[in-house]
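Peer 1: Let me give you the structure first, and then I'll get to my questions.
The values are calculated or read from the model by the stated rules, or taken from the named source; none is laboratory data. Model, not experiment: these values are computed from the prediction. Don't worry about glycine lacking a Cβ; one is built from the backbone with ideal geometry, like all the others, and counts go over all protein chains shown. Surface areas here come from the heavy atoms of the whole protein model, side chains and all, with no ligands, DNA or RNA. Shrake-Rupley method; radii C 1.70, N 1.55, O 1.52, S 1.80 Å.
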There are 2 protein chains.
Amino acid sequence: MRHFEYFNKTDVQKIHAATLYVLEKVGVDFGYEPALKVLAKGGCKVEGERVFFLPKLVEAFVAKAPGQFTLYARNPEKNVVIGCENTAFAPCYGPAFVTDLDRGRRSSTLEDFNNFAKLSHASRNIDINGGILVEPNDVPMDKRAAEMLYGVMRYSDKPFMGSAIGKAGAQKTIAMSAIMLGVGEERLADKPPSITLQTARTPLGYDDRMLGAMMEYAKAGMAQVVSSLAIAGATAPVTMEGTLVIQNAEVLAGIVLTQMLREGAPVVFGGSSSAAAMRYGTLSAGAPEMVVNTAATAQMARFYSIPSRGGGALTDAKIPDAQAGMESMMSQMMASMAGVHFVLHSAGILEGYMTSSYEKFIMDDDICGMCKRIRRGETVNIEKLAVDLIEEVGPGGEYLTQMHTFQNFRKEFYAPVLEERGTYDAWETNGSLTLAQQANAKWKEILANFEAPDLPADVDRDLRKYIDQI
Amino acid sequence: MRHFEYFNKTDVQKIHAATLYVLEKVGVDFGYEPALKVLAKGGCKVEGERVFFLPKLVEAFVAKAPGQFTLYARNPEKNVVIGCENTAFAPCYGPAFVTDLDRGRRSSTLEDFNNFAKLSHASRNIDINGGILVEPNDVPMDKRAAEMLYGVMRYSDKPFMGSAIGKAGAQKTIAMSAIMLGVGEERLADKPPSITLQTARTPLGYDDRMLGAMMEYAKAGMAQVVSSLAIAGATAPVTMEGTLVIQNAEVLAGIVLTQMLREGAPVVFGGSSSAAAMRYGTLSAGAPEMVVNTAATAQMARFYSIPSRGGGALTDAKIPDAQAGMESMMSQMMASMAGVHFVLHSAGILEGYMTSSYEKFIMDDDICGMCKRIRRGETVNIEKLAVDLIEEVGPGGEYLTQMHTFQNFRKEFYAPVLEERGTYDAWETNGSLTLAQQANAKWKEILANFEAPDLPADVDRDLRKYIDQI
């Protein structure tokens, strides 16, 4: 299946050329002394915190980044390819609030975090677990990153998201990954188990926290997403094209730094820019302009032969209602069809990036599943064209009782997590439930039946010991 | 912007070849004597009701259908191109029930029909009005088609959908169109104001009602959609490929008939096939397999150089909840991105095809608008890349107060019908409304402020006179 191409090749070239001009003449601020030293040594012009990149230098270092890589799960059956034809889904990331239909919106806790780690583990469609599923506000600041990493290691054997909270966050991720896998830290680069999100300080800057983490991960050969969230009309020009130039310049500047630190360090080209909601002067995560940016991000990343990040079940809705459904699907459909490789916020996110919803997590899981079904494509061959069967059944016949139907429907049809496809009467008899209400029952059922994957007792003890000494 | 291509060229050829085999060896039943006569005279082999088509005959007649055409509105500013780069949206079609948040689900009436005609007229995103927006169950059977046509002529000056209820329905549509436009019936072919939906009796058949209407419209040179709704696993093979062969054979057989009756009669290649909900043995309108079929339909129609019909804001949901939002958007995104030209059921439809919802109409209007915004594409040029502005603002600056932002945001950003993009606190202060509740207020506001377009008094009188004599 071909990818959806939003821009033509000449347009992509124009955006690239404008980006190179900005990197050379306008520059990018790096608010972290160690980064400035590396960039200067690598050949950039540095004036204070501002760094200027020659076009040839940008192209040379960007070319060193790998075209695809694999995240190695504790359970090898759950390894995930980042790149190529694969679209990998990761759950909600960053909210300080959590909500469900019973208890409403509230400050999130470690228990909520662990619940979302369990839901992500149980999902057929979520490929990568962890990150800041929700902020564990009841855990002291210095322990939060470690407790989140522990939760995801305890309740899941999928690849996971690392901590982006400065050099220290990266070091904790690296140390705990090494404990979990029972290998030396220097061996993690061979089979990176995690990927971490780094986001620029738009427009055209990076702060010390992000750079500290980014440098540590790059040196260790651990995977990371170098991402930009420009807001058209607020932190970037109001045009999609101008916003793309800002986004592109930020991402390329970050990728150059990673490749100067370690040639071939695995990176993802990330874009989650969107439009401002002009009436409020804030970000709109559910705008169609966000979707345009997702398509463009996939294309720019392909142009640079680097895996892409974009999309997500994003919405401006406050509750898991129709707005949440339509905006999330809009964004996820484009990510899938444009060939995005890594999709953060694939399940549970509400209100831009403010809240994680238990019910929306379940609903979004189906969105991921439906998008995967569509992306799967078909194999047109004699058996699937089924002309013999059509000839046998003939005009006016039926296929419901054919052996062919029973033998193949499970392979052909997506089986939804929440299936509401019966009659109106049946729906009424079952209590006239909204999809959110059906999701409410489902997440409780999943948590009630949850079985954690095995984690050896000594690994568990060593992880807890590591956290205790922080 | 390129279209999304689901299958590769070889796959399309294989589906075409399998279709030709079915048309030649299996045949299609035509349950209407006048159609059998035309097909026999045109060169088909006819045995009883069964008609067999030689490949060369199929290809020769299909090639006569136009690659695009225009629907001419009473108001020329609202003419609609069917074909090319345009995606035209038409509202809900066929439901016998109507629902809104105040009164719930009930049998629909002429008043409901006229309300949906008004909402369709007022919409910025709906291009074509009318059809069976809802069934006017309170009108005697013999007057229904005419009253619906009258309602749409009275409350809208957009192109409209004609009646598909047999030869008589077509004749009423033709007669009333001629009265409305003040031209002779024989002149309607020059500027067809309407388009009508014809659907095969799957698998591989057409009934007398559809054929009566289809022949009448073809002879008059009026536009029609020749469509198939095969249910994979029920009325067609369980594979998407086998279902496509059934769909393709039915549509091509219908199109051959139209072109035998009048060379160049405007037709649309229609596909709305989907998967069976196996648990219930019924159609699933919200399945991802439906979306696969939409993409394939657009491709097959392009292969034949005929405009396509597919997609729609389709869902299995019973109410305008998150399921309605996500499934409707999934279908509409694919229709837009695959380059479908005519999208029926673009607003208001629920429960497969059973119910029209006032609230969902408003929500779907935004789905159409967002899809149009995405499909619009961008024009990458110096002004839009805005490098000068980026240089001026520099790293760490802001764009919210820039003249450039104020001058361009209305052109750049989609302005939603229902805008819920503010903070959680603002949403709570405004009553914590779901999108459906916000839509409830909006449709009432639109109907309360509705102003019908001018319809000359003598035309109005002649239309009523025509209806009285039915």
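Peer 1: Under the rule that an exposed site lies in a DSSP loop and has at most 13 other Cβ atoms within 10 Å, name the longest stretch of chain A with no trypsin sites (Lys or Arg not before Pro) of that kind, not counting the sites themselves. Mind showing how you got there, number by number?
Peer 2: Details: sites that count: A:ARG2, A:ARG103, A:ARG124, A:ARG279.
Between exposed loop sites, the widest span is A:280-470.
Peer 1: Using modelled backbone amide H atoms (1.01 Å from N, in-plane), which distant-in-sequence or interchain residues come within less than 5 Å of A:ASN129's amide H?
Peer 2: The list, which skips near neighbours in sequence, is A:PHE160, A:MET161.
Peer 1: Continuing with the same structure: Treating only the Cβ atoms of Lys and Arg (+1) and Asp and Glu (-1) as charged, compute the dipole magnitude of segment B:365-434 about its Cα centre; round to the nearest 20 debye. Please report the intermediate quantities before stating the final value.
Peer 2: Numbers: 8 positive and 13 negative charges, 87 e Å.
So the magnitude is around 420 debye.
Peer 1: Follow-up. Post the alpha-carbon centroid distance, segment A:25-50 to segment B:290-306, in whole angstrom.
Peer 2: About 52 Å separates the Cα centre of segment A:25-50 from the one of segment B:290-306.
Peer 1: Over the residues of segment B:244-348, compute the C-alpha Rg and express it relative to 2.2 N^0.38 Å. All intermediate terms of the calculation are to be shown ahead of the outcome.
Peer 2: Working: Rg = 14.5 Å, N = 105, 2.2 N^0.38 = 12.9 Å.
So the Cα radius of gyration is 1.13 times the expected 2.2 N^0.38 Å.
Peer 1: Hey, got the Cα dimensions of the protein assembly as shown along the principal axes, in Å, largest first?
Peer 2: 90, 62, 52
Peer 1: How large is the helix-only mean residue ellipticity at 222 nm for chain A, computed as the sum of -39500 (n - 2.57) over DSSP H runs with n ≥ 4, divided by its residue count, in deg cm²/dmol to the nearest 500?
Peer 2: Values: 17 runs with 215 residues, N = 470.
Result for chain A: -14500 deg cm²/dmol, rounded to the nearest 500.
Peer 1: Let me ask you something else. Around A:ALA452, under 13 Å between beta carbons, what's the net of Lys plus Arg minus Asp minus Glu among the other residues?
Peer 2: Working: positive: A:ARG74, A:LYS118, A:ARG154, A:LYS158; negative: A:ASP157, A:GLU451, A:ASP454, A:ASP460.
The answer is 0.
Peer 1: With only alpha-carbon atoms in the gyration tensor, what are the semi-axes of the equivalent ellipsoid for chain B, in Å, largest first?
Peer 2: Listed largest to smallest, the semi-axes of chain B are 37, 28, 22 Å.
Peer 1: Please list, by residue number, every one of the GluC sites (Glu not before Pro) in segment B:367-470 that is coil in DSSP and has at most 11 other beta-carbon atoms within 10 Å. All intermediate terms of the calculation are to be shown ahead of the outcome.
Peer 2: Values: sites: B:GLU378, B:GLU383, B:GLU391, B:GLU392, B:GLU398, B:GLU412, B:GLU419, B:GLU420, B:GLU428, B:GLU445, B:GLU451; in loops: B:GLU378, B:GLU398, B:GLU419, B:GLU420, B:GLU451.
Those that pass, being in a loop and sparsely packed, are B:GLU451.
Peer 1: Here's a follow-up. Rounded to the nearest 100 Å², what is the buried accessible area between B and A, both sides summed, probe 1.4 Å?
Peer 2: Summing both chains' loss of accessible area gives about 9600 Å².
Peer 1: Between segment B:101-116 and segment A:406-450, what is the C-alpha centre distance in whole Å?
Peer 2: 29 Å
Peer 1: Starting from the Cα coordinates of segment A:88-235, work out the convex hull volume and express it per residue in Å³.
Peer 2: 130 Å³
Peer 1: If the label for A:GLU47 sits 7 angstrom from Cα along the Cα-to-Cβ line, what are its distances to the same label in every other copy, in nm to one decimal, shortest first?
Peer 2: 8.6
Peer 1: Moving on. Among B:ALA35, B:GLY325, B:MET215, which residue has its Cα positioned farthest towards the positive end of the charge dipole of chain B, with +1 placed on the Cβ of Lys and Arg, -1 on the Cβ of Asp and Glu, and the dipole taken about the Cα centre?
Peer 2: B:ALA35
Peer 1: On C-alpha positions alone, give me the angle between the axis of helix B:240-261 and the longest principal axis of chain B, in degrees, nearest 10.
Peer 2: So the inclination is approximately 70 degrees.
Peer 1: Let me ask something additional. Kindly provide the pair-distance distribution of segment A:9-56 built from C-alpha pairs, with 5 Å bins from 0 and whole-percent values in order of increasing distance.
Peer 2: Once binned at 5 Å, the Cα pair distances of segment A:9-56 give 5, 23, 26, 19, 13, 8, 5, 1.
Peer 1: If one takes the longest principal axis of the Cα atoms in chain A, at what angle in degrees, from 0 to 90 and to the nearest 10, does the Cα axis of helix A:457-468 lie?
Peer 2: 50 degrees
Peer 1: Per-residue accessible area for B:GLU185 at 1.4 Å probe radius, Å² rounded to 10?
Peer 2: Counting only protein heavy atoms, the figure is 90 Å².
Peer 1: Would you mind working out the accessible area per residue for chain B, using a 1.4 Å probe, and quoting it in Å²?
Peer 2: On the way: 15600 Å² over 470 residues.
I get 33 Å² per residue for chain B.
Peer 1: Let me ask you something else. Please say if segment A:178-323 is rounded, prolate or oblate, where rounded means a/c under 1.5 for a ≥ b ≥ c the square roots of the C-alpha gyration tensor eigenvalues, and otherwise the choice is prolate for a/b larger than b/c and oblate otherwise?
Peer 2: Values: a/c = 2.23, a/b = 1.74, b/c = 1.29.
Prolate, since a/c reaches 1.5 and a/b exceeds b/c.
Peer 1: Here's a follow-up. In the neighborhood of A:GLU135, defined by Cβ-to-Cβ distances under 15 Å, what is the net charge if each Lys or Arg adds +1 and each Asp or Glu adds -1?
Peer 2: Details: positive: A:ARG105, A:ARG106, A:LYS143, A:ARG144; negative: A:GLU111, A:ASP112, A:ASP138, A:ASP142, A:GLU147, A:GLU351.
That sum, taken over residues with Cβ under 15 Å, equals -2.
Peer 1: Can you give me the P(r) profile for segment A:1-92? Cα pairs, bins 10 angstrom wide beginning at 0, each as a whole percent.
Peer 2: 13, 28, 28, 26, 5
Peer 1: Find which of A:PRO416, B:VAL58, A:GLY339 sits farthest along the positive direction of the dipole of the protein assembly as shown, computed with +1 on the beta-carbon of Lys and Arg, -1 on that of Asp and Glu, about the Cα centre.
Peer 2: In the protein assembly as shown, that residue is B:VAL58.
Peer 1: Report, to the nearest 10°, how far helix B:110-122 tilts away from the longest principal axis of the Cα atoms in chain B, using its own Cα long axis and a range of 0 to 90°.
Peer 2: 60 degrees
Peer 1: Count charges around A:LYS384 for me, please; just the other residues with Cβ under 14 Å from its Cβ, Lys/Arg as +1, Asp/Glu as -1.
Peer 2: Details: positive: A:ARG376, A:LYS411, B:LYS14; negative: A:GLU378, A:GLU383, A:ASP388, A:GLU412, B:ASP11, B:GLU241, B:GLU289.
Neighbourhood net charge equals -4.
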